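Engineer: I'd like to ask you about the structure that follows.
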Amino acid sequence: MSDSPTPNASPVPTADASEEARAAMTADTLDEIARLQGELAELKARSADLADQYLRAKAEAENVRRRAEEDVAKARKFGIEGFAENLLAVCDSLDAALALENATAEQLREGSMATLRQLMSALERNKVVVVNPAAGDRFDPHQHQAISVVPSEQEANTVVGVLQKGYLIFDRVLRPALVTVAAPK
């Protein structure tokens with residue numbers, strides 16, 4: 001064997017070639033670092049923007065929730081305001097009737113009837129409906145309350161008499177009508 005280099009052997013790098021390779025790697029690395037730093041800066045800016053948007057959205061949601069709570073509180077507090085306004089005319093009529101010192105029975109009756117019409121009108125404007133079944137109407141346990149069952153010539157489970165009118169508000173029973181009902185034969 002000889003000490004001569006083989007023809008397929010790669011040449012040994014020189015100091016200049018090694019320096020060039022390092023410089024090229026450093027330039028590539030510096031370019032990559034610069035690109036990554038730019039990307040990082042963009043991501044930080046985007047993150048800050050999203051954090052700001054989140055805080056604003058959170059504050060807006062809190063404001064909406066607070067406003068909704070205030071609206072509900074006001075609705076509870078002043079929801080009856082319209083109904084109360086409608087009843088003021090009834091109060092005025094009663095005050096006027098009481099102010100008459102020498103009113104006749106007929107005048108008091110007429111005034112009472114007028115006041116009752118005002119009251120019924122105020123109830124109707126506020127969706128309060130009278131439940132006043134007639135004799136012979138079918139007993140409805142959803143709107144009537146049977147006080148007693150009496151023998152009658154009428155068909156069983158029909159209203160014989162009304163002891164007290166009932167009232168509905170928006171189809172919900174405010175007070176059932178108190179009725180007597182015909183007993184089964």
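The values are calculated or read from the model by the stated rules, or taken from the named source; none is laboratory data. Fair warning: this is a prediction, and the values are worked out from it, not measured in the lab. Glycine gets a Cβ as well: all are built from the backbone with ideal geometry, and neighbour counts include every protein chain shown. Ligands, DNA and RNA are excluded from the accessible area calculation, which covers all protein heavy atoms including side chains. Shrake-Rupley method; radii C 1.70, N 1.55, O 1.52, S 1.80 Å.
Engineer: Which one is right for this structure if percent of Cα pairs over 30 Å apart is calculated from it: (i) 26; (ii) 75; (iii) 66?
Structural biologist: It is the value labelled (iii).
Engineer: Assuming a ≥ b ≥ c are the square roots of the Cα gyration tensor eigenvalues, decide whether region 64-163 counts as rounded (a/c under 1.5), prolate (otherwise, with a/b larger than b/c) or oblate. Walk me through the intermediate numbers first.
Structural biologist: Working: a/c = 3.98, a/b = 1.20, b/c = 3.33.
Oblate is the answer for region 64-163, as a/c is 1.5 or above yet b/c matches or exceeds a/b.
Engineer: Which value, in debye to the nearest 20, describes the size of the charge dipole of region 24-139 about its Cα centre when Lys and Arg Cβ atoms bear +1, Asp and Glu Cβ atoms bear -1, and nothing else is charged? Walk me through the numbers on the way to the answer.
Structural biologist: On the way: 16 positive and 21 negative charges, 81 e Å.
It works out to roughly 400 debye.
Engineer: In bins 10 Å wide, starting from 0, what share of all Cα pairs of region 26-72 does each bin hold, as a percent?
Structural biologist: Cα pair-distance distribution for region 26-72, in percent: 24, 24, 19, 14, 11, 6, 2.
Engineer: Related question: Counting only the backbone N, which residues of region 112-133 are under 17 Å from the spot 7 Å out from the Cα of F83 toward its beta-carbon?
Structural biologist: 119-131
Engineer: Using Cα-Cα distances under 8 Å and only pairs 6 or more residues apart, what relative contact order does the chain have, in percent? Walk me through the intermediate numbers first.
Structural biologist: Values: 163 pairs, mean separation 26.1, N = 185.
Averaging sequence separation for qualifying contacts and normalising by length gives 14 percent for the chain.
Engineer: Considering only protein heavy atoms, what is the solvent-accessible area of L163 at a probe of 1.4 Å, reported in Å² to the nearest 10?
Structural biologist: Looks like 110 Å² after rounding.
Engineer: Along Cα→Cβ, 7 Å out, is where each label goes; now give me the distance between the ones at A146 and R35 in nm to one decimal.
Structural biologist: That separation, rounded to one decimal, is 9.0 nm.
Engineer: Based on DSSP H runs of at least 4 residues, each adding -39500 (n - 2.57), what is the mean residue ellipticity at 222 nm of the chain after dividing by all its residues, to the nearest 500 deg cm²/dmol?
Structural biologist: Numbers: 3 runs with 104 residues, N = 185.
Calculated at 222 nm, the ellipticity per residue is -20500 deg cm²/dmol.
Engineer: Give me the net charge of A97's neighbourhood, meaning all other residues with Cβ under 15 Å from the Cβ of A97; Lys, Arg count +1, Asp, Glu -1. Numbers along the way, then the final one.
Structural biologist: On the way: positive: R109, R117; negative: D92, D95, E101, E106, E110.
With Lys, Arg at +1 and Asp, Glu at -1, the net is -3.
Engineer: How charged is the neighbourhood of E70? Take every other residue with its Cβ under 13 Å from the Cβ of E70, and add Lys/Arg as +1 and Asp/Glu as -1.
Structural biologist: Numbers: positive: R65, R66, R67, K74, R76, K77; negative: E62, E69, D71.
Local net charge: +3.
Engineer: Could you work out which residue, out of A61, A21, A45, moves most in a Gaussian network model of the chain, that is, has the largest mean-square fluctuation with Cα springs under 10 Å?
Structural biologist: Looking only at A61, A21, A45, the biggest GNM fluctuation is shown by A21.
Engineer: Please compute the contact order of region 62-168 in relative form: average sequence separation of alpha-carbon pairs under 8 Å and at least six residues apart, divided by the residue count, as a percent.
Structural biologist: Working: 61 pairs, mean separation 26.5, N = 107.
Over region 62-168, the number comes to 25 percent.
Engineer: Based on the Cβ-Cβ distance from R56 to R76, what FRET efficiency comes out when R0 is 35 Å, to the nearest 0.05?
Structural biologist: Details: r = 31 Å, r/R0 = 0.88.
FRET efficiency, R56 to R76: 0.70.
Engineer: Using a 10 angstrom cutoff on alpha carbons, build the Gaussian network for the chain and name the most mobile of E153, E32, E81.
Structural biologist: Sorting by GNM fluctuation, first place goes to E32.
Engineer: Straight-line reach only, C-alpha to C-alpha below 30 angstrom: list the lysines that K127 could link to, leaving out same-chain residues fewer than 8 apart.
Structural biologist: Within the straight-line limit of under 30 Å, K127 reaches these lysines: K74, K77, K165.
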